[in-house]
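Undergrad: Attaching a single structure in structure tokens format; questions to follow.
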Amino acid sequence: MAKTKETSASSDGIKIVTTNRKARFDYQILDTLEAGISLQGTEVKSLRAGRVNLKDSYAEVRDGEIFLIGAHISPYAEGNRFNHDPERERRLLLHKREILRLALKVREKGLTIVPLRIYFRSNRAKVELGLARGKRMYDKRETIAKRDAKRELDRALKEAKRG
């Protein structure tokens, strides 16, 4: 489940549009990589409005190029008949050697490429890709247990600080 959150520009000029929280739960992230996205004009407007969903999206290497598949960018409300297709495949912009390295790792190790977040850096749309391995059910339960334990600890510390 992707969560949209608007943040103010940080010191390095990053404005996060959306984060794919489900990816960190379903996958073990082994490596991350920043890529540009080839977008149409109305897609950029929708991104700036935070109208994007990364749930169930992934990246795939085809013919020496890498594509973002399954990402939903809602049509721009003020758009006309030239509005974009919300589910279209979007080309990601990486150097050739980065694409080859990803393709080799995905092919040989059974890994997948998932988008972790979309953000603007210096007015350019970027996607953070994660090279990921799927978690087993017991790994997911372990993640839930750790998260609950941290929540309880934080709650106890807050109570101790109050009292």
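The values are calculated or read from the model by the stated rules, or taken from the named source; none is laboratory data. Just so you know, these numbers come straight off a predicted model, no measurement behind them. Cβ atoms come from the backbone with ideal geometry, glycine included; neighbour counts cover every protein chain shown.
Undergrad: Considering only region 23-136, give the strands (runs of 3 or more DSSP E) lying wholly within it that have at least 1 residues that are under 16 Å from the mean Cα position of the chain (by Cα) and within 20 Å of Gly13 (Cα to Cα).
TA: Working: elements: 27-37, 58-62, 65-69, 90-93, 112-121, 124-134.
Correct list: 27-37, 90-93, 112-121, 124-134.
Undergrad: Next up: So which residues in region 48-73 are buried (at least 20 other Cβ atoms within 10 Å of the Cβ) and of a type in the set (D, E, K, R)?
TA: Residues satisfying the conditions do not exist here.
Undergrad: Just checking, which of Arg97, Arg24 is at pLDDT below 85 and not β-branched (Val, Ile, Thr)?
TA: The conditions single out Arg24.
Undergrad: Tell me whether region 40-47 contains one or more residues that are farther than 13 Å from Gly130 by Cα and either touching a helix residue (DSSP H, G or I) at 6+ places or on another chain (Cβ under 8 Å) or loosely packed, with under 15 Cβ neighbours inside 10 Å (or both).
TA: Yes, region 40-47 contains at least one residue that is farther than 13 Å from Gly130 by Cα and either touching a helix residue (DSSP H, G or I) at 6+ places or on another chain (Cβ under 8 Å) or loosely packed, with under 15 Cβ neighbours inside 10 Å (or both).
Undergrad: Report yes if Glu34 is surrounded by fewer than 18 Cβ atoms within 10 Å (Cβ to Cβ), over 16 Å from Thr19 (Cα atoms) and among the acidic types (Asp, Glu), otherwise no.
TA: On the way: surrounded by fewer than 18 Cβ atoms within 10 Å (Cβ to Cβ): yes; over 16 Å from Thr19 (Cα atoms): no; among the acidic types (Asp, Glu): yes.
So Glu34 does not fit the description; no.
Undergrad: When you scan region 100-108, do you find a residue that is closer than 29 Å to Asp148 by Cβ and either modelled with pLDDT under 85 or polar (S, T, N, Q) (or both), even just one?
TA: No - not one qualifying residue is present in region 100-108.
Undergrad: List every residue pair whose Cβ atoms lie under 8 Å apart, where the two residues are 6 or more positions apart in sequence or sit on different chains, the first residue falls within region 62-90 and is within 20 Å of Arg101 (Cβ to Cβ), and the second residue, located anywhere, is of a type in the set (Gly, Ala, Ser) and surrounded by 15 or more Cβ atoms within 10 Å (Cβ to Cβ).
TA: Ile66/Ala35; Ile66/Ala59; Phe67/Ala59; Leu68/Ser57; Leu68/Ala59; Ile69/Ser57; Ile69/Ala59
Undergrad: Could you tell me which of the residues Glu87, Glu78 is more than 28 Å from Arg136 (Cα to Cα), touching a Gly at 6+ places or on another chain (Cβ under 9 Å), at pLDDT below 90 and not hydrophobic (A, V, I, L, M, F, W, C)?
TA: Details: Glu78 fails: touching a Gly at 6+ places or on another chain (Cβ under 9 Å).
Selected residue: Glu87, the only one of Glu87, Glu78 that is more than 28 Å from Arg136 (Cα to Cα), touching a Gly at 6+ places or on another chain (Cβ under 9 Å), at pLDDT below 90 and not hydrophobic (A, V, I, L, M, F, W, C).
Matching residues to (1) of a type in the set (A, V, I, L, M, F, W, C); (2) loosely packed, with under 15 Cβ neighbours inside 10 Å:
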| site | (1), (2) |
| --- | --- |
| Ile99 | yes, no |
| Leu102 | yes, no |
| Pro115 | no, no |
| Ile118 | yes, no |
| Gly130 | no, no |
| Arg151 | no, yes |
| Arg155 | no, yes |
| Ala160 | yes, yes |
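Undergrad: Oh, and also: Tell me yes or no: at least one residue of region 115-122 is touching a Leu at 6+ places or on another chain (Cβ under 7 Å) and charged (D, E, K, R).
TA: For region 115-122, residues touching a Leu at 6+ places or on another chain (Cβ under 7 Å) and charged (D, E, K, R): absent.
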